[in-house]
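Comments concern the structure below.
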Amino acid sequence: MKISELTAGQNDVALTVEVSSVEEPREVTTKFGTRVTLVNTKVKDDSGEMKLTLWGKQADGIETGKKVEIADGFVKDFRGELQLGIGKKGTIKVVE
């Protein structure tokens with residue numbers, strides 16, 4: 001699967017992408033009232049670039065220039081922008 005093929009509402013997304021940027025982590029309060037670390041990143045492949053939002057430990061080891069493999073991800077439309085996310089059953093791992 002390629003970034004250009006992704007659409008809002010998609011689940012079970014599996015793809016290998018390169019991390020093109022990583023923002024500074026920030027603390028946010030979820031809608032459930034818990035505090036958690038949020039890291040916004042951008043990932044790319046030969047078809048395009050997309051924002052990837054990582055929560056808590058999902059961001060461990062994620063650095064600009066690394067290739068990562070995402071399994072069981074999802075795509076949502078957040079404030080008019082498509083974003084990739086990794087839910088509770090999803091995984092992200094550095095492959096290069």
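Odds and ends about this structure:
- Test: residue 16 is within 18 Å of residue 93 (Cα to Cα) and open to solvent by less than 40 Å² (accessible area, probe 1.4 Å): no
- If you go through region 41-93 and pick out every residue that is free of Cβ contacts under 8 Å to residues at least 40 places away in the same chain and open to solvent by 60 Å² or more (accessible area, probe 1.4 Å), you end up with 12.
- Pick from region 30-78, criterion of a type in the set (Phe, Trp, Tyr) and assigned to a strand (DSSP E or B), ranking: nearest to residue 4 (Cα to Cα): 74
- Residue 1 hydrophobic (A, V, I, L, M, F, W, C), touching a helix residue (DSSP H, G or I) at 6+ places or on another chain (Cβ under 9 Å) and surrounded by 15 or more Cβ atoms within 10 Å (Cβ to Cβ): no
- When 39, 75 are checked against the criterion of being modelled with pLDDT of 95 or more, in contact with an Asp or Glu (Cβ under 8 Å, 6 or more places away or on another chain) and on the phi < 0 side of the Ramachandran plot, 39 stands alone in meeting it.
The values are calculated or read from the model by the stated rules, or taken from the named source; none is laboratory data. Every value quoted in this text rests on a predicted model; they were computed, and no experiment measured them. Ideal geometry is used to build each Cβ from the backbone, glycine not excepted, and the neighbour counts take in all protein chains shown. Accessible surface is based on the protein model in full, side chains and every heavy atom, while ligands, DNA and RNA are left aside. Shrake-Rupley method; radii C 1.70, N 1.55, O 1.52, S 1.80 Å.
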